[in-house]
Amino acid sequence: MQGNTPVECEILNVIQGAGIWPDCDDKTQLLQAIETLITGGGSGGGIVTGSEIGAVSAFAMPTPPTGWLVCDGSAISRTEYADLFATIGTVWGAGDETSTFNLPDLRGEFVRGFDDGRGVDAGRVFGSSQADEFKEHFHQVGILREVGQAGNNLSIHRSSGSAIDQTETAGGVETRPRNIAMTYAIKAFYPSAS
């Protein structure tokens, strides 16, 4: 199929570049082609940063769009998801060690940037996890005792030493900053235009 004007030719090039065979009866092909090219499908290779195979994104919906898989630690096929396997390999798990590999499991996790020699989180291996931890610190609590009373004046001194007040505990079952739950998903494949 050929266009009669430069604009028609340009539109046909976009549609064909997305791997879609032009159909005069389908009035949604340009939109399909643009969506395919934006997400990295077709011969254009993708024009949006972050949509590369292996990219992880947070989504504001529980189920990610086509082409993305929830980062839930699942073992998936090395052949069905060959491009993703070529990109991340077995960093997140070797699956059955033959025909599957694992996705990262980011459910309920905070993601921390890989230190890669900076020294803030020294010694970390890419893809490794850490348990929660508090930085070492000290709380000084003393007992207030009545020393003497002269008239209406009461003298109170803070006692130092080993005596410690009984205190109530407060808090929950974990340490966490304020947060919002979203779905982490990994770009696994480029959907084909239908």
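The lone criterion from (1) modelled with pLDDT of 95 or more; (2) within 21 Å of Y184 (Cα to Cα) left unmet by S99 is number (2).
Residue count for region 64-75 under the criterion of being modelled with pLDDT of 95 or more and surrounded by fewer than 18 Cβ atoms within 10 Å (Cβ to Cβ): the result is 5.
Note on region 76-105: residues that are surrounded by fewer than 16 Cβ atoms within 10 Å (Cβ to Cβ) and either polar (S, T, N, Q) or in contact with an Asp or Glu (Cβ under 8 Å, 6 or more places away or on another chain) (or both) total 5.
Return a yes/no flag: does region 13-20 have any residue that is in a loop (DSSP other than H, G, I, E, B), modelled with pLDDT of 80 or more and of a type in the set (V, I, T). Yes; the residues of region 13-20 include at least one that is in a loop (DSSP other than H, G, I, E, B), modelled with pLDDT of 80 or more and of a type in the set (V, I, T). Of all the residues that make up region 11-21, how many are without any contact (Cβ under 8 Å) to a residue 60 or more places away in the chain, crowded, with 16+ Cβ neighbours inside 10 Å and within 20 Å of Y190 (Cβ to Cβ)? Result for region 11-21: 4. Considering only residues that are outside any helix (DSSP H, G or I), within 18 Å of the chain's Cα centre (by Cα) and in contact (Cβ under 8 Å) with a residue 24 or more places away in the chain, which ones fall in region 82-100? Listed by number, the residues that qualify are V91, W92.
The values are calculated or read from the model by the stated rules, or taken from the named source; none is laboratory data. All values reported here derive from a predicted model rather than from experimental measurement. Every residue, glycine among them, receives a Cβ derived from its backbone with ideal geometry; neighbour counts consider all protein chains shown.
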